[in-house]
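Colleague: Below you will find the structure I want to go over with you.
The values are calculated or read from the model by the stated rules, or taken from the named source; none is laboratory data. All values derive from a computational prediction rather than experimental measurement. In this analysis, Cβ positions are derived from the backbone assuming ideal geometry, glycine residues included, and neighbour counts consider all displayed protein chains. Ligands, DNA and RNA are stripped out before the accessible areas are found, and what is left, the full protein with its side chains, is counted by its heavy atoms. Shrake-Rupley method; radii C 1.70, N 1.55, O 1.52, S 1.80 Å.
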Protein chains: 2
Amino acid sequence: MLQKTVPTNMRNKKVVDLHAAKVACKECSLHQLCLPRSINGSDLEKLDSIIERKKPLKRNEHLFQVGSSFNSIYVVRSGSLKTYSPTVDGQEQVTGFHLPGELLGLDAIGKGRHPCAAKALETTSVCEVPFEHLEGLSQELPTLQHQLLRLMSKEIFDDQELMLLLGKKTAEARLSAFLLSISLRFKQRGFSSVEFYLSMSRNDIANYLGLAVETVSRMFTRFQEDGLIEAERKHIIIKNRENMRQIAGMNECCDETSARDSQQSI
Amino acid sequence: MLQKTVPTNMRNKKVVDLHAAKVACKECSLHQLCLPRSINGSDLEKLDSIIERKKPLKRNEHLFQVGSSFNSIYVVRSGSLKTYSPTVDGQEQVTGFHLPGELLGLDAIGKGRHPCAAKALETTSVCEVPFEHLEGLSQELPTLQHQLLRLMSKEIFDDQELMLLLGKKTAEARLSAFLLSISLRFKQRGFSSVEFYLSMSRNDIANYLGLAVETVSRMFTRFQEDGLIEAERKHIIIKNRENMRQIAGMNECCDETSARDSQQSI
DNA sequence: GTATAAAATTGACATTTATCAATTATGGCT
DNA sequence: AGCCATAATTGATAAATGTCAATTTTATAC
């Protein structure tokens, strides 16, 4: 049941609004969790039976709030969300954006409470995976346990990359890396990596990258002047990926690595 | 076997150089992994049998290098290490410091290669836990699987806290939060949270916090002028924890939460 | 114990990015 | 379709932190 029917035109690489996109199961991060070759049909049904589908969230609705008790992890099916934590001074820190096929809630296992909130950036639907059931099933199915550990490890790895960005990079390097990251993730989901729509505001981007909105806005302007991108609001076209890589301080290998990894698991 | 004999004077809260400290097993992050109440004697032996003790590392020796293949996770027994990733421009980004009882290598599970290197900051000994065996044993022992997931979740959570620090906080807030974090971790291991020795250089601290060495040095000076700490090189005494909390932008609850969590698991 | 290298500190200055303020554009709603 | 709140852009200025350079202190090696 997870492998939602996907219109054929969605499978082709084309500009697509996440709002309308259903992720192909083959691209879904749960692919290895729910459809690994090593799991046979009846085991698959077991997994399928523990997954609950929630009714779609509207824009700005919360999937979970800060401090709410942790019961399930979630997988984005369509749309997108941001996760954010409150800071003492009443602000918020955006900790991540979540596209179809990506998991939410892994940071809550330890304490049993969600340290961040998750809010839909657009109309969004998710699969809910009750954690107790997932743990139980992982106990039976070694490949499922393995995949779960891998996905959590990937999360740790990705967070460390972001730490590097926040700690060491200039504003233009941060924005460039951000756009390339989004581009790659679209590509991995079978959509165009050259032309896409951002579902988050400039404010959210700035917050995520540890910059002021104004700085992000200026960087968008500069990138256009320099012919790196075309941007009209949320509609982005990557014009010169190679230069953007250099600005982001990425060597080609980074991109390759990520791409390779994604084929393996996510 | 993991519960290494600890001199009684080490169990008391006193100033201690990590160099000489062996973590008490009760404080060890592997406590729940290797000695959970729900695991009986024979199961415990199974776990014990898969753990290998490595000969101590000397200062500046590597536990693993960037890109080396991932086979085991490691737990610090005594001493301390830093983990760091190379950046394109030949610099490095310090991604973490690891005190006795803390795990290393969780970020490598996903790709099967270590994305960062681990280097001893002083004479350091570690337990090596072959990952395949750990996975296999987790398959048998639900509590072990659960604990492993919890520890990975905690790592994700901690990384997100650091992201917040790097993205939103001033230099003084970063250093203050850093010192409080170290202080708390000493406390959790049964050592003084007021007076301790840092095993890392100012350079490493600056790198970790995304600051210039000079800035860190100036902040140390300012903290002393303001009576927040006494610092002579690596020897630190916390004089005014409450003010430091405020500067770090932490509400009291943060500290509590961390402390509570640590009792539960780490 | 002395020489040498490495680490830490301090000051002067440059640069980046944040902040404040004003304007324009956009999207949601009736 | 038009109004209003929100989001985005742009400019001017200020503040924080980085960079460069010099000095002092500490650690390491012979």
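Colleague: Could you tell me which of rounded, prolate or oblate describes the stretch A:86-219, using a ≥ b ≥ c as the square roots of the eigenvalues of the alpha-carbon gyration tensor, with rounded for a/c under 1.5 and, failing that, prolate when a/b is larger than b/c and oblate otherwise?
Modeller: Here the stretch A:86-219 falls in the prolate category.
Colleague: Relative to the present Cα-Cα distance, how much length would full extension add between B:Thr123 and B:Glu61 at 0.36 nm per residue of separation?
Modeller: Gain in length upon complete extension: 21.4 nm.
Colleague: At 1.4 Å probe size, with the rest of the protein present, what percent of the exposed accessible area of the stretch B:77-141 is carbon and sulfur atoms?
Modeller: 47
Colleague: Given an 8 Å cut-off on Cα distances and at least 6 residues of separation, report the relative contact order of the stretch B:111-245 as a percent.
Modeller: 20
Colleague: Continuing with this model, one more query. Tally Lys and Arg at +1 and Asp and Glu at -1 over the other residues with C-beta under 14 Å from the C-beta of A:Asn240: what net charge comes out?
Modeller: Local charge sum for A:Asn240: -2.
Colleague: Separate question: May I ask you to find the residues of the stretch B:48-93 that are shielded by at least 10 Å² of accessible area once the whole protein assembly is considered instead of their isolated chain (probe 1.4 Å)?
Modeller: B:Ser85, B:Thr87, B:Val88, B:Gln91, B:Gln93
Colleague: Continuing with this model, one more query. By average Cβ neighbour count within 10 Å, what is the ranking of B:133-145, B:93-105 from highest down?
Modeller: B:93-105, B:133-145
Colleague: Per-residue Cβ counts within 10 Å, from other chains only, averaged over B:144-156: what number is that?
Modeller: 6
Colleague: Which residues in the stretch B:144-181 place their backbone N less than 16 Å from a point set 7 Å from the Cα of B:Arg113 along the Cα-to-Cβ direction?
Modeller: none
Colleague: I'd like the interface area for chains A and B: accessible area of each alone minus the complex, both sides summed, 1.4 Å probe, protein heavy atoms only. What is it in Å² to the nearest 100?
Modeller: In total, this chain pair buries about 4400 Å².
Colleague: Using 7 Å Cα-to-Cβ label points, what is the A:Arg218/A:His235 separation (nm, one decimal)?
Modeller: My value for the distance between the label points is 2.8 nm.
Colleague: Keeping all protein chains in place, calculate the accessible area per residue for the stretch B:38-163 (probe 1.4 angstrom), answer in Å².
Modeller: With all protein chains present, the stretch B:38-163 gives 36 Å² per residue.
Colleague: Moving to a separate point now. Which entries of A:Lys58/A:Lys154; A:Lys54/A:Lys82; A:Lys46/A:Lys187; B:Lys82/B:Lys168; B:Lys54/B:Lys82 have Cα-Cα distances beyond 22 Å here?
Modeller: Beyond 22 Å: A:Lys58/A:Lys154; A:Lys46/A:Lys187; B:Lys82/B:Lys168.
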